[in-house]
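Report on the following structure.
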Amino acid sequence: MHRAIALTGFVLCGAVSPALAQEASYCGGAIVAERFITSVVPGPGGRASYSVLLRNTQSQPRNFQMVVTGSFLGRPPAATQTLRANAAMTLALGYSPNLPGVAPLRGDQLAQVTRVACL
């Protein structure tokens, strides 16, 4: 019985580790999405949270707007942001509640619902 409990705890810990993927570049390669991150909290009351790590590959600051077209809750409003020269920032894309039979979005799926426009 103790082995089953330990195994169950191990599986739950494995379920909450984030999924990472490099998927996209924007503004002619000036801004790249180094990775899209999906963090899942399991269970019926759990949710999947989505974020992206953006990096400015240029030696000058870049102003941009990000628009998330996915049907997430807590999507950020489109607002002008500045990414410093050669810097990176993580931006939240939103979250979705866990639904039976529906897998959370990952990597390329998140890239498809994320738009970045340089200003």
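The values are calculated or read from the model by the stated rules, or taken from the named source; none is laboratory data. Just so we're clear, the structure is a prediction, and the values are computed from it rather than from any experiment. Virtual Cβ from ideal backbone geometry, glycine too; neighbours counted across all protein chains shown. Quick note on the areas: whole protein, heavy atoms, side chains included, nothing else; ligands and nucleic acids left out. Shrake-Rupley method; radii C 1.70, N 1.55, O 1.52, S 1.80 Å.
I'd like the full set of residues that are assigned to a strand (DSSP E or B), under 15 Å from Tyr95 (Cα atoms) and small (Gly, Ala, Ser), limited to the range 28-78.
Selection gives Ser39, Ala48, Ser49, Ser51.
Looking only at the range 27-55, count how many residues are open to solvent by less than 30 Å² (accessible area, probe 1.4 Å), within 19 Å of Leu119 (Cα to Cα) and in contact (Cβ under 8 Å) with a residue 40 or more places away in the chain.
Total meeting the criteria: 4.
In this structure, does Tyr95 turn out to be among the aromatic types (Phe, Trp, Tyr) and without any contact (Cβ under 8 Å) to a residue 60 or more places away in the chain?
Yes.
Would you pick out the residues in the range 55-65 that are of a type outside the set (Lys, Arg) and in contact with a Ser or Thr (Cβ under 8 Å, 6 or more places away or on another chain)?
Within the range 55-65, Pro61, Asn63, Phe64, Gln65 meet the criteria.
Within the bounds of the range 109-118, is there any residue that is assigned to a strand (DSSP E or B), open to solvent by 60 Å² or more (accessible area, probe 1.4 Å) and under 17 Å from Glu23 (Cβ atoms)?
yes
Considering each residue of the range 56-79, count those that are open to solvent by 70 Å² or more (accessible area, probe 1.4 Å) and either closer than 28 Å to Pro97 by Cα or under 16 Å from the mean Cα position of the chain (by Cα) (or both), and give that number.
Result for the range 56-79: 5.
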